[in-house]
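Below is one structure; the comments refer to it alone.
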Amino acid sequence: MDVSDRTLTALGFDDVRAAIGARCRTEVGRARGLKRPFLDGVPEVLASLEHVEEARALKQEPLSLPIGGLVDLRPSLDRASKGGMLEPRELMAICQALFAFERAYEVLQERREKVPHLAALGRRMPLLGRLATRLDRSFEASGEISDRASDELRDARERARGLHRRIRARLDELLREERFAVNLREAYYSVRNDRYVVPVLSSHQREVEGIVHNASQSGQTLFVEPQELIGVGNELAIAQSVVLEEERKVLVELSGLVAREAAKVEDGLLASAELDELEAIAILSLELHTSTPSVHPAHGPLNVKGLRHPRLVLKGDQVIANDVDLSQGARALVVSGPNAGGKTVTLTGVGLCALMVRAGLPIPCDPGSSIPLFNQVHSAIGDLQDLEQGLSTFSAHVTVLKSVVATAKKGALVLIDEIAADTDPREGAAIATAVLEDLLEKGALVLVTTHLEELKALAHLDERFVNGRVGFDAKRMAPTYRLQLGAAGASSAIDIARRVGLPESVCSRATALAQNAGGALSKALQAAEEERRQMLDQRDQAERDAKEASALKAAAEAQLAELQRRKKEEELKFRESLRAELEFARQQIRTLVERLETDRSDKALKAAKDAAAELSARITDQTTAERAVRTELKSGPEELLPLELKPGAKARHRSLDAEVEIIDVSHDAAVVTMGALRMRVPVSELLPAKKSAASPARFPSATAKKDEQLKRAEASSAKPMTLASPTLDLRGQRAEDALREVERFLDRVSRDGEAAAILLHGHGTGALKTVIREHLRSSPYAKTFRPGDGPEGGDGVTVVELA
């Protein structure tokens, strides 16, 4: 990858590196991110992009690997490998890393099918649990070596602590003795030069025997170690030196253990840094809303959809997405339009994305984009004036062009901002054309911005060139920042000058001069821009109208569905109430029938039975209707066909609540048919038709007729009852009692939704069977009935199919 530092700076690739480093959580990972390299070829780039996708999948769980806070252990590992002794803080840092390796390994192995490449990196982390436990047991949280580090250290410290207690106890006794305390400045003791001392008045020095270790600045106080404590103090000094020696032995031992595993620990550290960098890239890609483009060799086409400049997105600016398409044989994009309209943003955005892909990073674009893997990126962007070398802006610009032309080769990406602009327009256009043709002959892909009309005309003369323009909204007097391919743009310089505050009189004069001085192409561009603006306004208005109509349609359909639901709920409440009233009436009639049976009045009894049968029939009808309404409520609103106002379409008449067919439509009325009836109705009376199953053919074939007859025969044939069917045992009952039980039984199973029931009456004399079957002929609950089959009980049972 050939790219100069000047190009990297102009495109801002270091900002992307810094953004990756800022999101890393380890020292080594941060160092990797800040030096993110360019990869060698397509396989390496594709592998890197795949690794980033796996890291994104982890972040979206959401999950962060437990590697945060790891420091660069390599200097410590190198010193340990050479036999050096590590400090406690270094050993504790290694201990933290070893535990982090184990946790990260477990997390990645649990997800190895989802993130196989990251899991492979995780397997590079050493599992040194025994070493980690030994290090952890050897130090306290404060960083001090623990007594648990070795038995010898524990014993040495215990002896030293005992001597400390012994000395302090004796000093407490001395401070309580009045003849001793009168010689002191204050009643306390302290430690000077690792020896316990008391503050003795200098005038009382002879009264307190001992060694003077220090004095106050005024000389009025002497810090004296009492004579009787000198021997114990010497023992304490020896004990403390033993402690220091044991601590040194512990550090040497632990450093040796680390040295034996230094290579593994360093490899695990590098693996964790790579994982940390991938996590940081994943976080950045989620913030930039990136996608992974398809990558192909350098000489392939460029087609970036929905390009958003990475640096602008990082800043949190509102970025207009644009498509940049150089395919179909085109190799040069000439971008024109107003100043500050986004021309340079387009160039630097494409260039920065090309560098990001070369570094194995996803880019902020829409899915379906493709980008070549350029082997060179050259740029001539920004103010190139060099006062030290005595170069003007144009001279410096041409110097850069010379370098680009000399080094560009096939597979290069060349970005030139305002090519040959700071000189005579005719000569500048000639130089620019010659440079672009030379670059294309060498196989480079070129993006250039310009205000030169001759360059805008190249797309009409050479199929290798494509025009692109950034728009200017004359109403708002501001750029639109939208890139339109296939058209050249006007510079709108006077409008920009007016916008930034140039006096109106000057702008008006400039407008008058430009109208007479502009060339034919300039005038054509202005006319095309105005026509395009009008078309965009019309399109935007049409889109707004379509959205409003769609919203109104959705609201109307929702309102209609709600009205239908409420209607069904009200109908259900009415039917439930009516059924309750009918049940009450039936109960009263049953009571009346029982009394009449007792009186044995045949005429009154028959009338009461007829009333009961009629009432039962009405209850059955209400129950069936109630079930249907309840089913409709549970299934939700009926699915409707879209309302199409055209001949042959189906619709539903609002007032008649019937389906009609549209014959003709004119303005706000339609001619419809409903069966043989033909009528003209307002369009507002038509609603969407309900979806229904496909209707059968009007003239079925012979085969279809035969199949239909077989189905009807099967449907009408008697079906055997299962043991699950409800059964009423009537054997041994009198006829009157049996009929009353039959009526109650059939009423209950009918309300339970059963399809059939079995009445078990036995054979006997046949009288009970005859009475029951005669009663079923007029029963509102019985649709049909039949004697049972052999497995069902034969003629000893009657199978009733419920209405």
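The values are calculated or read from the model by the stated rules, or taken from the named source; none is laboratory data. From a predicted model like this one, the values you see are computed outputs, not experimental measurements. For neighbour counting, all protein chains shown are included, and Cβ atoms are generated from backbone atoms with ideal geometry for every residue, glycine included. Remember, those area values only see protein heavy atoms, side chains included, never the ligands or the DNA or RNA. Shrake-Rupley method; radii C 1.70, N 1.55, O 1.52, S 1.80 Å.
In this structure Tyr188 has an accessible area near 80 Å², from a 1.4 Å probe over the protein heavy atoms.
Note on Lys114: aspartates and glutamates with a C-alpha under 15 Å away, same-chain residues under 8 apart excluded, are Glu50, Glu53, Glu54, Glu61, Glu106. Straight-line cross-link partners of Lys249 among the aspartates and glutamates, defined as a Cα under 20 Å from its Cα and at least 8 positions apart when in the same chain: Asp78, Glu87, Glu90, Asp136, Glu140, Glu144, Asp147, Asp151, Glu152, Asp155, Glu158, Glu261. Would you mind counting up the charge near Pro310? Only other residues with Cβ under 15 Å from its Cβ, with Lys and Arg at +1 and Asp and Glu at -1. Its environment carries a net charge of +2. All other residues whose Cβ lies under 13 angstrom from that of Pro425 are scored, Lys and Arg at +1 and Asp and Glu at -1, for a net of -4. Taking 12 Å as the straight-line reach from the Cα of Lys573, the aspartates and glutamates in range (excluding those fewer than 8 positions away in the same chain) are Glu626. Of the listed residues Arg124, Arg56, the order by accessible area with a 1.4 Å probe, largest first, is Arg124, Arg56. The modelled label-to-label distance for the pair Glu754/Ser4, using points 7 Å beyond Cα in the direction of Cβ, is 9.7 nm. Annotation for Asp537 and Glu427: the two label points, set 7 Å from Cα along the Cα-Cβ direction, are 4.4 nm apart. Pairs from the list Lys35/Lys410; Lys35/Lys59; Lys305/Lys402 with a Cα-Cα gap above 30 Å: Lys305/Lys402. Cβ-Cβ distance of Lys567 and Glu594, R₀ of 41 Å, FRET efficiency by 1/(1 + (r/R0)^6): the value works out to about 0.50. Going 7 Å from the Cα of Ala676 toward and past its Cβ, which residues in segment 646-667 have a backbone nitrogen under 19 Å from where you end up? Once the point is set 7 Å along Cα→Cβ of Ala676, 659-661 turn out to lie under 19 Å by backbone N, inside segment 646-667. Accessible area per residue (1.4 Å probe, heavy atoms of protein chains only) ranks Leu536, Leu49 as Leu536, Leu49, with the largest value leading. Largest accessible area first, the listed residues Phe180, Phe785 line up as Phe785, Phe180 when surface is computed with a 1.4 Å probe on the assembled protein chains.
Annotation: Phe465 carries an accessible surface of approximately 10 Å², with a 1.4 Å probe and no ligand, DNA or RNA atoms counted.
Based on the Cβ-Cβ distance of Leu201 and Ala263, what FRET efficiency does E = 1/(1 + (r/R0)^6) give at R0 = 51 Å, to the nearest 0.05? It comes to 0.20. In this view, the solvent-accessible surface of Ser294, computed with a 1.4 Å probe and all protein chains in place, comes to about 60 Å².
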